[in-house]
1. Using the Cα centre as the reference, give the magnitude of the dipole from point charges on the C-beta atoms of the chain (Lys, Arg: +1; Asp, Glu: -1; all else neutral), rounded to the nearest 20 debye.
2. Counting pairs of Cα atoms in segment 116-267, how many percent are more than 24 Å apart?
3. Using the Cα atoms as the points, what is the convex hull volume per residue of the chain in Å³?
4. Where does segment 197-286 land on the Kirkwood hydrodynamic radius, alpha-carbon pairs, in angstrom?
5. Hey, can you rank 384-393, 111-120 by average C-beta count inside 10 Å, highest first?
6. Quote to one decimal, in nm, the extra length available between ALA324 and THR44 on full extension: 0.36 nm per residue of separation minus the C-alpha distance between them.
7. For labels at THR21 and HIS396 in the simple 7 Å Cα→Cβ model, what's the distance in nm?
8. What FRET efficiency, computed as 1/(1 + (r/R0)^6) with R0 = 30 Å and r the Cβ-Cβ distance, is obtained for THR9 and ASN209, rounded to the nearest 0.05?
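The values are calculated or read from the model by the stated rules, or taken from the named source; none is laboratory data. Quick caveat, the model's predicted, so the values are computed rather than measured. Every residue, glycine among them, receives a Cβ derived from its backbone with ideal geometry; neighbour counts consider all protein chains shown. Side chains are part of the model used for accessible areas, which takes the heavy atoms of the whole protein and leaves out ligands, DNA and RNA. Shrake-Rupley method; radii C 1.70, N 1.55, O 1.52, S 1.80 Å.
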Amino acid sequence: MTISSPSSTKLAILGGDPVRTELFPAYNVIEQTEIDAVEKVMRTGVLSRYLGTWHEDFYGGPEVQKLEKNWAETHGSTHCVSVNSATSGLYACVGAAGIGAGDEVIVSPYTMTASAVAPMIYNATPVFADIDPKTYCLSAETIAPKITPRTKAIIVVHIFGGCADMGPIMALAKKHNLIVIEDCAQAPLTKYKDTYVGTIGHMGVFSLNYHKHIHSGEGGLVTTNDANLCERLQLIRNHAEAVVDAKGVTDLTNMIGYNYRLGEIECAIASSLLTRLPDLIQQRRKNVAYLEDRFSELPHISLPYCANDQEHAYYVHALSYDEAGAAIPRQTVIDALKAELKPCQMRSHEGVLIGGGYVKPLYLQQIYQQRAHPALQNEVSYQAGLCPVVEANHYHNLITHELMRPGLSQDDLADIADAFEKVFTQLDQLRGID
Ligand SMILES: *Cc1c(COP(=O)(O)O)cnc(C)c1O
């Protein structure tokens, strides 16, 4: 440890020397093995083998089927259906569940937009329940008061790589005969007790978009242990209406299909990366363990909750800032942290990966405020104040960062921890500067 001179402890935002002057290393999970996997597919000339009719190619080509088999095995589900995004996967799940006009689906407001739009695709109404202050996910306590005779399903989002307390949610769903869809886009290999999320509810949805733990540019996967739901997902993915006659499908509910098919190249990339997924997540856990050890004594900041029998995937590291106690606006603290650090190589346009809150609580978007969809024209509330825990976290308490991605060295991590330490032990310097 070097003892800092008084001038070097002056915060960078006030003109002091920053902790870090060099860019952080580039973050890129793509390696030669993925390039080789793509080349192999390219040389076959068959970049997608799907046919949208009842034919052996209705299920896609060899890379599609290999990825589905490997994903199901890795996560411990009986079935897996690949799709061209997690968004498509969520839409297909709502369709497969048989949901339609007049039905209600309970959703989290603190998530990527598609998790709440999915019911609207089938003209069902999204009903927002608040998040639990520890997990940032829906809980049985927040869901229960929202259940009405119209409720058909719950979309639980395992946000930030953590997970909802699924035991009580599944018990509640069983009691009311509700379908549970798990949005696991941020939570691959997140463990709830002995089980990976995505295999606890009726269907689980994963993302392969560029920003996720592993990616193929775009892509998604749906896991299920139910053969009937699996078949309905496959039909919705690939022009159901053109297939049901010859396949002998008799329940035609939501059997208008889409084209949600994922290509052979994307599946080959994802299969290759899937073999490294456990290691990539292990690196995130190790980096977070170091940072949390360094952060644990800092004032006005608390660490994300992770139950003893849970394993977190750390899509982001979500810290809780006591804005009222510190009496300094969260944005000022974030600006001070950013001034001490640097962006990553190849992604410097993204800036330093620290932010306040996550996405605006979804019901505050104009689409809900103006009820600009047929499914939103009833008494369900989308008023400000609807979910106080979400609003407090989004506007005041959450500080999220991604400075725990794989590829950071011990020195890089030390700089990150030093920057947090420098700012949080000298918050007084920030008083009155905003
Ligand atoms: C990324 C994400 C999605 C959507 O994933 P796409 O593959 O981009 O469609 C859905 N839900 C959550 C929680 C996400 O983070």
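1. About 480 debye.
2. 38
3. Roughly 146 Å³ of hull volume per residue.
4. For segment 197-286, the Kirkwood estimate is 14.9 Å.
5. The peptides rank, most packed first, as 111-120, 384-393.
6. 94.7 nm
7. Modelled inter-label distance: 4.1 nm.
8. 0.15
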